[in-house]
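To start, the structure itself, in structure tokens.
The values are calculated or read from the model by the stated rules, or taken from the named source; none is laboratory data. Bear in mind that the values here come from a model prediction, so they are computed numbers and not experimental data. Note: ideal-geometry Cβ built from the backbone for every residue, glycine included; neighbour counts use all protein chains shown. Calculation scope for accessible area: heavy atoms of the full protein, side chains included, ligands and nucleic acids excluded. Shrake-Rupley method; radii C 1.70, N 1.55, O 1.52, S 1.80 Å.
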Amino acid sequence: WGPFLLAVALQVTAAALCPAPCLCDNLRAHVLCLNGSLTAIPDTIPELTKKLDLQGNSLTVIPAGAFVATPYLTHLDLQHCKVETLEEGAFRGLGRLVYLNLASNGIAFLYQESLDGLSSLQQLILEGNRIEEIQLGAFGHLGSLTVLDLRGNALVYLPDMVFQGLQVLRWLRLSHNSLHVLGSEAFAALPALRRLSLDHNELQALPGEALARLDGATQLDLGHNPITYVAEEALAMASLKRLSLDHAFLQDVAPDAFALCPQLRILDLRENQLQGLPPLAGAEGLVRVSLDGNPLFCSCLLRPFHKWLAMARVQVKGACAEPPALRGRSLKSLKYPEMTCSRLWPLPSPSAPPERPRAAGSRQCPRGCVCSPDFHHGSCENRDLREIPRDFPEDTRLLDLRRNPFRTVPPDAFPGLKELVSLHLQRCSIRVLHPGALRGLESLVYLYLSNNHLSTLAAAAFEGAPQLAYLYLDHNAFTRVPAGIFRFLPKVISLHLEHNAITELAEGDLAGARGLRWLYLAGNAIRHIAPAALASTKMLKKLHLEGNHLSEVPTAALRGLPALSELKLSQNPIKHVGDSAFLPVASSLQHLYLDNMGLERISPRAFTGLGPKIRSLYLENNKMSNIPDMSNFTGLEILSLQDVPFHCDCHLLPLSRWINKLNLHVGATCGSPAEAQGLKVKLSTTFQTCPGW
């Protein structure tokens, strides 16, 4: 009985030490604090805890040393915790951690020391954040990492050596980003990589130079990219066995496109625009080629490919689209004489994209600054500079000038930096950005002007930076959206205007923002949004309006946003949500935030049109006593109902039954009647007297 009694004693002790509202299993050293209202990491978690699950809380910031009291952690789950910032040293002391899940948060930037201390980490999940840029060295301390998941973020550019330090990484997942620029040495420091997923991005050509560094990679996913042509010897990957180029825009493939991939076994070319293929010279190891969904023209021009298939004993999947006599016939069933040249459709002639000019020579680094030729990185951070320095190397791609009292940015402030991709000017006391300030920065993608004193901006300040995609103007002094700036910014996809003093969104404020996908306006003083204020932003996917002064859902302004998938209205003084409030975006909306508003009533038809597409709904910390029928919300992954004073009478019985069927922790509790106060809705006995119980 000794071991049993000891185990019981340990469980009792653990229960006594377990922080509310968590559940502790001491035998497995496992603590769960799921879908609660935690705003900070509990400081009473048992020291010997090995697995800590904090999914669905509201942590916002993971401060330095947040887990120093739990040094034995091996698994940490922080999914759906609204995390926006990982402070430097946030995970310091977790030397035993092997699994860290930070998926579905709001992290936008990975700093150099954000992941410091995770020397044993093997899996890092960062899927579904809004990471736009990764600072060089961010992964430098993760020498044991084998899987890095960065799917579903907002990456446009990967600089050289960005993954340095990941010596044993085997799978790098970069799907569902917006990548269209890869440094030639972006993957140079990944000797153990076996699989690279780059599907669902915006690559317009095969990034052959970057991929050539991956000698050991065996699987490459490049589907769902707008690639039109695969040129001669475009890919040199000695160990590659499986290549996916499905659902691209391929119109032609050069005969020796894969000649430098001697181990290639499976080639997936489904759902492209190929009318045919030449014999694939050099690809002697091919076993299977998939061509389903291509408009194949089975004429005599296809005979060489057909003959090659037979001689090389390659299996093929695909069917003829033309001529009419052969339409629908599988390639493997064709006979040589059937492929005639009558009524011939000419195949498109290959035209390789122009080669990008090579970088110009370098110059010396300005005095007091540090320039890294290996990373093409220049830094003068916090040097008390009064004027923007010049004479950086011409091949500089990232320039960090934070924390200098520049006050103004003059015209032509960055001469000769045609290859600059990322410019950091945060906390520089900047009041004026002069017209022409960015002239010549023709490759600039990221511009950080956060935490300055800007209140106005001349549109001409952005002249000469046509590639700018990410613009940070948060924590400034704007009282309205800077007028006309999109005239010179045709490619902006992300605009940060959080924590300014903007009072309204007027018609025309976003004129020209045709490519805008993410608009962040949290923490302003917006009281009104004009019905046509968002009319130009047809591609908008995320609209963050939390922490403003809106008194109603801006339903009229949501019309004409067919792609909107995330809407945040948290912390606005909206007391009533009326009928069909979200109908204009019902076909696309997936994530809806209506928490912390003092909401008193939701109309029974407020959610008209919404249904299976909704994945997360946040309603916590409100004052309503009932909510509408949501039985058709069959795709829910998160439903947060904490701190809502539900009136647990017979009118709430349908909600109680529905909650009981959900395989989710929703946190719904009764606020009344008195005998049910504080009880979980799903456990309340007040429903037992209801008709039909």
Query raised in the report: Does anyone have the angle between helix 2-17 and the longest principal axis of the chain? Alpha-carbon axes, 0 to 90°, nearest 10?
Result: 80 degrees
Requested in this report: Only helical DSSP H runs with n ≥ 4 go in: add -39500 (n - 2.57) per run for the chain, normalise by residue count and round the 222 nm mean residue ellipticity to 500 deg cm²/dmol.
Outcome: -1500 deg cm²/dmol
Query - Zone of His528's modelled label, taken as backbone nitrogen in the stretch 556-588 under 15 Å from a point 7 Å along Cα→Cβ - result: 556-557
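Largest first, what is the accessible-area ranking of Tyr111, Tyr157, Tyr470 with a 1.4 Å probe? It would help to have the intermediate numbers written out before the result.
Details: Tyr111 75, Tyr157 20, Tyr470 0 Å².
Ranked from most to least accessible, the order is Tyr111, Tyr157, Tyr470.
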**Report entry** Exposure ranking of Arg386, Arg242, Arg313 by accessible area [1.4 Å probe, largest first]
**Finding:** Arg313, Arg386, Arg242
Report summary line: Per the beta carbon screen (other Cys under 4.7 Å), unpartnered cysteines of the chain come out as Cys81, Cys261, Cys428
Requested in this report: Find the accessible area per residue for the stretch 376-501; the probe is 1.4 Å, ligands and nucleic acids are left out, and the unit is Å².
Outcome: 37 Å²
Query raised in the report: Looking at the stretch 248-341, which chymotrypsin sites (Phe, Trp or Tyr not before Pro) are in a loop (DSSP not H, G, I, E or B) and have at most 16 other Cβ atoms within 10 Å?
Result: Phe249
Query - Counted charge near Leu655, where neighbours are those whose Cβ lies closer than 13 Å (Asp, Glu -1; Lys, Arg +1) - result: +2
**Report entry** Full-stretch length increase - Glu202, Arg487 - with 0.36 nm per residue and alpha-carbon distance subtracted
**Finding:** 100.3 nm
Report summary line: Of every hundred units of 1.4 Å-probe accessible area on the chain, the number belonging to carbon and sulfur atoms, as a percent, is 52 percent
Query raised in the report: Averaged per residue, what accessible area in Å² does the stretch 228-336 show with a 1.4 Å probe, protein chains only?
Result: 44 Å²
Report task. Report the full-extension gain for the segment Glu233 to Lys623: residue separation times 0.36 nm, less the Cα-Cα distance, to one decimal in nm. Result -> 134.0 nm
**Report entry** His647, His528, His591, ranked by accessible area, largest first (probe 1.4 Å)
**Finding:** His528, His647, His591
Query raised in the report: When you count, for each residue, the other Cβ atoms within 10 Å and take the mean per peptide, how do 327-336, 513-522 rank with the highest first?
Result: 513-522, 327-336
Report task. Scan (1) 36.9; (2) 47.7; (3) 56.0 for the value of mean projected area of the Cα convex hull in nm² calculated from this model and give just the label. Result -> (1)
Query raised in the report: Can you tell me the accessible area per residue over the stretch 563-647, all protein chains present, probe 1.4 angstrom, in square angstrom?
Result: 36 Å²
Report task. Give the percent of DSSP beta bridges with both residues in the stretch 228-336 that are antiparallel, rounded to the nearest 5. Result -> 5 percent
Requested in this report: Determine the percent antiparallel among the DSSP beta bridges restricted to the chain, to the nearest 5.
Outcome: 10 percent
Query raised in the report: To the nearest 10 square angstrom, how much accessible area does Leu398 have with a 1.4 angstrom probe?
Result: 20 Å²
Report summary line: Scalar couplings 3J(HN,Hα) for the stretch 291-305 by Karplus 6.51 cos²θ - 1.76 cosθ + 1.60 (θ = phi - 60°), nearest whole Hz, x for Gly and Pro, are 10, 4, x, 9, x, 5, 9, 8, 9, 5, 5, 8, 4, x, 5
